[in-house]
1. Out of everything in the stretch B:10-28 that is over 14 Å from the mean Cα position of the chain (by Cα) and facing another protein chain (nearest Cβ under 9 Å), what residue ends up being modelled with the lowest pLDDT?
2. Inspect all residues belonging to the stretch B:84-92 and state whether any of them is under 12 Å from the mean Cα position of the chain (by Cα), more than 9 Å from chain A (Cβ to nearest Cβ) and in a loop (DSSP other than H, G, I, E, B).
3. With respect to residue A:64, determine if the residue is surrounded by fewer than 19 Cβ atoms within 10 Å (Cβ to Cβ), modelled with pLDDT of 95 or more and touching a helix residue (DSSP H, G or I) at 6+ places or on another chain (Cβ under 9 Å).
4. Please list, ordered by residue number, the strands (runs of 3 or more DSSP E) wholly in the stretch A:6-71 having 2 or more residues that are in contact with a strand residue (DSSP E or B) (Cβ under 7 Å, 6 or more places away or on another chain) and within 14 Å of chain B (Cβ to nearest Cβ).
5. Go through the residues of the stretch A:169-182 one by one and say whether even a single one is within 19 Å of the chain's Cα centre (by Cα) and closer than 26 Å to residue A:102 by Cα.
6. Can you tell me which residue is surrounded by the fewest Cβ atoms within 10 Å (Cβ to Cβ) among those in the stretch B:46-68 that are part of a strand (DSSP E or B) and in contact with a helix residue (DSSP H, G or I) (Cβ under 7 Å, 6 or more places away or on another chain)?
7. Tell me which strands (runs of 3 or more DSSP E) are completely within the stretch A:170-246 and hold 1 or more residues being within 14 Å of chain B (Cβ to nearest Cβ) and touching a strand residue (DSSP E or B) at 6+ places or on another chain (Cβ under 6 Å), or say none if there are none.
8. How many residues are in contact (Cβ under 8 Å) with a residue 24 or more places away in the chain, surrounded by fewer than 12 Cβ atoms within 10 Å (Cβ to Cβ) and over 16 Å from residue A:67 (Cα atoms) when one looks only at the stretch A:13-45?
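The values are calculated or read from the model by the stated rules, or taken from the named source; none is laboratory data. Given the structure is predicted, the values throughout are model-derived calculations rather than measurements. Cβ sites come from the backbone with ideal geometry, for glycine too, and all protein chains shown count toward neighbours.
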């Protein structure tokens, strides 16, 4: 059997800072078969002595882009991979990747909506692929993104999300800041809870499809709350990552 | 961004999505949307929704309903071991 997801060499085509700790990398992939919004790539680094590590990174870009994907990587101070990507990798470098991977945490316009996206920190990355895909595909599915960040300067993709919301085509973004707020902040000011989700989902109704991505604790709280609010559990899709804060 | 904590020494509770690449290299297709029935409590969940524990020498997938082990995967020098005795069945749908 041919390996359907062979490792291939990607060239770093561009690097962009999203926040002080999150950086996006555009990976040029000749022969990329295309992906579905929500899928990820595996990235492998191999040292000269043969030691290798793999990490999975969600694809942030929409499937409409040809031959390249964006990943957004948060720098974890004591990590093995993210400090290398942030501090060492420059445009033109080559990285081993395989993908696209995953079929569970995926949304396509044909699935319809309404759509509720719930993000904790950099859990917004695969949801951004869905938002960008919705926009590029011309979908008007009613969509609300609830994004939880610790501080204002840590909000990822803020400007682009505001631009999508300004298009008035049924997309709205709602922020909550859990640690500090700037003066005059009008968004939520606490961790995601039942009451917040009830308010956010109210305009969408209980036929909504929900995608939740973030740290395990946030995913558990949000998924359980949505099921209590009446969403069928098979319409609530989740993706967890490790114990970093929101 | 699945493998977010980026530290192999930390016992991380993730979900089956984090094993998607390994599964696909073993089974030749996506496993995260494959429904599996827990042999312990009979609950059916997609592999992507199962709890994944990746901190040990192998990976363990547990049932989100009863927390019992459904699948164990260990990569050894001679090959990859998949212990599926905790799964009553997995459904590979026709495409």
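1. From the stretch B:10-28, those over 14 Å from the mean Cα position of the chain (by Cα) are B:10-11, B:28; that's our starting set.
Retained after the next criterion (residues that are facing another protein chain (nearest Cβ under 9 Å)): B:10, B:28.
Values: B:10: 52, B:28: 89.
Top of the filtered list is B:10.
2. So in the stretch B:84-92, the residues under 12 Å from the mean Cα position of the chain (by Cα) come out as B:84, B:86-87, B:90.
Checking the rest, the ones that are also more than 9 Å from chain A (Cβ to nearest Cβ) come to B:84, B:86-87, B:90.
This time we only want the ones that are in a loop (DSSP other than H, G, I, E, B), so: B:84, B:86.
Yes - at least one qualifying residue is present in the stretch B:84-92.
3. Yes, satisfied.
4. Details: elements: A:8-17, A:22-28, A:40-46, A:52-58.
So the answer is A:22-28, A:40-46, A:52-58.
5. Yes, some residue in the stretch A:169-182 is within 19 Å of the chain's Cα centre (by Cα) and closer than 26 Å to residue A:102 by Cα.
6. Just the residues of the stretch B:46-68 that are part of a strand (DSSP E or B), to begin with: B:46, B:51-53, B:59-62.
Narrowing the set further to residues that are in contact with a helix residue (DSSP H, G or I) (Cβ under 7 Å, 6 or more places away or on another chain) leaves B:52, B:59, B:61.
Numbers: B:52: 23, B:59: 20, B:61: 27.
Looking at residues that are part of a strand (DSSP E or B) and in contact with a helix residue (DSSP H, G or I) (Cβ under 7 Å, 6 or more places away or on another chain), I get B:59.
7. A:209-215, A:236-241
8. Residues that pass the stated criteria total 1.
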